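Colleague: Before we start, here is the structure in question, set down as structure tokens.
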Amino acid sequence: MLSTQYSGEIIARNKHLGLSEYKFLLRAIVSSGIGEQTYAPKVYFEGREEHPTIQDGILEMQDFYIDTIAKLLERNKLAASDIDVLVVNVSMLNATPSLAARIINHYKMREDIKVFNLTAMGCSASVISVDIVKNIFKTYKNKLALVVTSESLSPNWYTGNNRSMILTNCLFRSGGCAVLLTNKRSLSHRAMFKLKCLVRTHHGARDDSFNACVQKEDELGRVGVYLDKTLPKAATRAFADNLKVITPKILPVTEILRFVLFLLLKKLRGNPSKGSAASNVAQAVPKAGINFKTGIEHFCIHTGGKAVIDTIGHSLDLTEYDLEPARMTLHRFGNTSASSLWYVLGYMEAKKRLKRGDRVLMISFGAGFKCNSCVWEVVRDLNVGESLGNVWNHCIDNYPPKSILSPFMEKYGWINDEENSDNFKFPKDFGCERFS
């Protein structure tokens, strides 16, 4: 487990950071909405994050998939030889043999298994993996697919001081998920969800969207993921275009007609409040103007950060109840990249929110720039007692807590003061002698 205190100690080991960069990272950690019980790879605790080996990344993934896949197969009374399709997505580790091949070797899967190993798909890779399986199922009947999603942090620590690249060190955490999908009618009574529709939006043809999130070297040759200032705009644009396609597929005709009439009336009336502070904020992050709750009961939002959750909540006019699963997932597990959607879904299940006939909208974003979404229908009432492997079972009664503010907000309040670095000194109890 990675606490805020230890996060500060890890980033302090970076000899290339100045005081201003260190304070910047501490502000990001303390105000991120990430709690005290998230997870990080072993190299962070061994002090080797700046000098990892490729074996560190492979072992990190083995620790995940050996445990998770075994639990999934056991719970569903299946053997590894029953799997017909395997899709693995881990963006930041491209090993040879592939991670998919390593899973096949470990579990001794069949020789005719159809295998897909995805890399560099970013935080939206889970929905992409589901789409691959969906298209395979159009051709091949009575098949069982295994989707494995995680992220390898061990070999991807940025050792420089570029502010646009060091932020990823603080926000990502270890995690992963394994999911079974099938089009076998004989297994339909055991299914939890049914895929209703899926939409993928890719703005890679736009240069500003393409360059919004890029892995590259800084001016001194240190590799990291660069987050450009155009990222929020690229995400908003991709999200809007994705909604345009998926909305007619998931909402009733009456709501779409109401929205069309609303737009016509708005156009006829013009824009009377031009230039006010309130209208400027609304224009910066516009609301969709359509009631998604007429066709969706639950919203499964990628936990890319507090700002991502807030922005989507504002755009779709969601309540705090709607956003609670995403906020609590960010607090308990952090941003686990593509697997975060399944943690959010697990929270809904553990809280017994999901009832037969309910529809769940999944929304994810990824480098490229991509926005992918899909809708699942709950096909039977889900009781937490059935899901023995739900990752929330041991702590769900503690959520939501009275406050998700970092307990170190008061202790580290000094990071927002003393802007003059020449006069600034760290508190004696902080234990950061390098900057004192």
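The values are calculated or read from the model by the stated rules, or taken from the named source; none is laboratory data. These numbers come from a predicted model, not from an experiment. A quick note on method: Cβ atoms are made from the backbone with ideal geometry, for glycine too, and the neighbour counts reach across all protein chains shown. For accessibility, only protein heavy atoms count, side chains too; no ligands or nucleic acids. Shrake-Rupley method; radii C 1.70, N 1.55, O 1.52, S 1.80 Å.
Colleague: Got a sec to turn the phi values of segment 99-116 into Karplus ³J(HN,Hα) couplings, 6.51 cos²θ - 1.76 cosθ + 1.60 with θ = phi - 60°, whole Hz, x for Gly and Pro?
Modeller: Taking θ as phi minus 60°, the curve returns 4, 4, 5, 5, 5, 4, 5, 5, 9, 6, 6, 5, 6, 9, 5, 8, 10, 9 Hz for segment 99-116.
Colleague: If you don't mind, another one. Length gain on complete extension for the stretch M192 to Q215, per 0.36 nm per residue less the alpha carbon to alpha carbon distance?
Modeller: 4.6 nm
Colleague: Right, next: For the chain, what's the relative contact order in percent, using C-alpha pairs closer than 8 Å and at least 6 residues apart? Walk me through the numbers before you get to the answer.
Modeller: Values: 719 pairs, mean separation 93.8, N = 436.
Contact order relative to length: 22 percent.
Colleague: Can you pick out the pairs among K244/K402; K244/K352; K306/K402; K229/K370 whose Cα atoms lie more than 28 Å from each other?
Modeller: Pairs exceeding the cut-off: K244/K402; K244/K352.
Colleague: Could I ask something else about it? How do 261-267, 188-194 rank on mean C-beta neighbours within 10 Å, highest first?
Modeller: Put in order of decreasing packing, that is 188-194, 261-267.
Colleague: Per DSSP H run of at least 4 residues, take -39500 (n - 2.57); add these up for the chain, divide by its residues and hand me the 222 nm value, nearest 500 deg cm²/dmol.
Modeller: Numbers: 14 runs with 164 residues, N = 436.
Mean residue ellipticity, 222 nm, calculated: -11500 deg cm²/dmol.
Colleague: Starting from the amide H of F369, placed 1.01 Å from N in the peptide plane, find each other amide H under 5 Å away whose residue is 5 or more places distant or on another chain.
Modeller: H203, G204, F210
Colleague: Let me spell out the model: positive unit charges on the Cβ of Lys and Arg, negative unit charges on the Cβ of Asp and Glu, origin at the Cα centre of the chain. What dipole size does that give, in debye rounded to 20?
Modeller: So the dipole magnitude of the chain works out to roughly 1900 debye.
Colleague: Could you pull out every one of the lysines with an alpha carbon less than 18 Å from that of K267, ignoring same-chain neighbours closer than 8 positions?
Modeller: Output for K267: K287.
Colleague: Considering only lysines 8 or more places apart in sequence, or on different chains, count the pairs in segment 4-193 whose C-alpha atoms sit under 19 Å apart.
Modeller: 16
Colleague: Something else now. How much of the accessible area of segment 4-193, in percent, comes from carbon and sulfur atoms when a 1.4 Å probe is used?
Modeller: 53 percent
Colleague: Send over a whole-number figure in Å² for the accessible area per residue of the chain, probe 1.4 Å.
Modeller: Ligands and nucleic acids excluded, the result is 48 Å² per residue.
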